[in-house]
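The values are calculated or read from the model by the stated rules, or taken from the named source; none is laboratory data. Everything numeric in this text was worked out from a predicted model, so none of it was measured. Counting neighbours? That spans all protein chains shown, and the Cβs are built from the backbone with ideal geometry, glycine included.
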Amino acid sequence: MLRAAALAALIVLPASHGFAQDAEAGKTVFNQCRACHQVGETAKNGAGPLLNGLFGRKAGTVEGYNYSEANKKSGVTWDEANFATYIKDPKAFMPGNKMAYVGLKDEKRVADLIAFLKQYGPDGKIKP
């Protein structure tokens, strides 16, 4: 009976929360993002906006980055759940956005990337 209840609880949890997040592994995942995005105290906008302080930030609001109208008007405030959905298929999540990326499909790698990005505050410093 207890096993059935535990199994049912796992089935109800979103898939991205079924994995332990590993920021160090996420650093490796972020390497594929570096062509367009930066994080850290010296981060600048590139082909994509800088990603410092991503979680809790309204989409389309990084100063100095030229966002698509779709992104600016999306009404999205980034959190773990919507970022996980977005990064798996950016064009499906936000049609008309400029992100030219096919998506990161692996749940564990998504969770690790989130852990890595969550470390950075809006100032680019790693949170204590």
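Residues that are among the charged types (D, E, K, R) and surrounded by fewer than 20 Cβ atoms within 10 Å (Cβ to Cβ) within the range 107-127 comprise Glu107, Lys108, Arg109, Lys118, Asp123, Lys125, Lys127, listed in sequence order.
For the range 56-66, a tally of residues being surrounded by fewer than 16 Cβ atoms within 10 Å (Cβ to Cβ) and within 16 Å of the chain's Cα centre (by Cα) returns 3. Considering the conditions (1) in contact with a Pro (Cβ under 9 Å, 6 or more places away or on another chain); (2) exposed (fewer than 13 other Cβ atoms within 10 Å of the Cβ), Glu69 is excluded by exactly one of them, (1). Taking the criterion of being in a helix (DSSP H, G or I) and either closer than 17 Å to Tyr101 by Cα or modelled with pLDDT under 95 (or both), the residues of the range 66-84 that qualify are Ala70, Asn71, Asn82, Phe83, Ala84. Counting residues in the range 58-70 that are closer than 22 Å to Ile126 by Cα and among the basic types (Lys, Arg) gives one or more.
Contact map, the range 68-96: residues that are farther than 16 Å from Gly48 by Cβ paired with residues that are assigned to a helix (DSSP H, G or I), Cβ distance under 6 Å, separation 6+ or inter-chain. Pairs shown: Glu80/Ile114; Ala84/Ser16; Ala84/Val110; Thr85/Phe93. Among residues of the range 18-43 being of a type in the set (A, V, I, L, M, F, W, C) and not in a loop (DSSP other than H, G, I, E, B), the one that is surrounded by the most Cβ atoms within 10 Å (Cβ to Cβ) is Val29.
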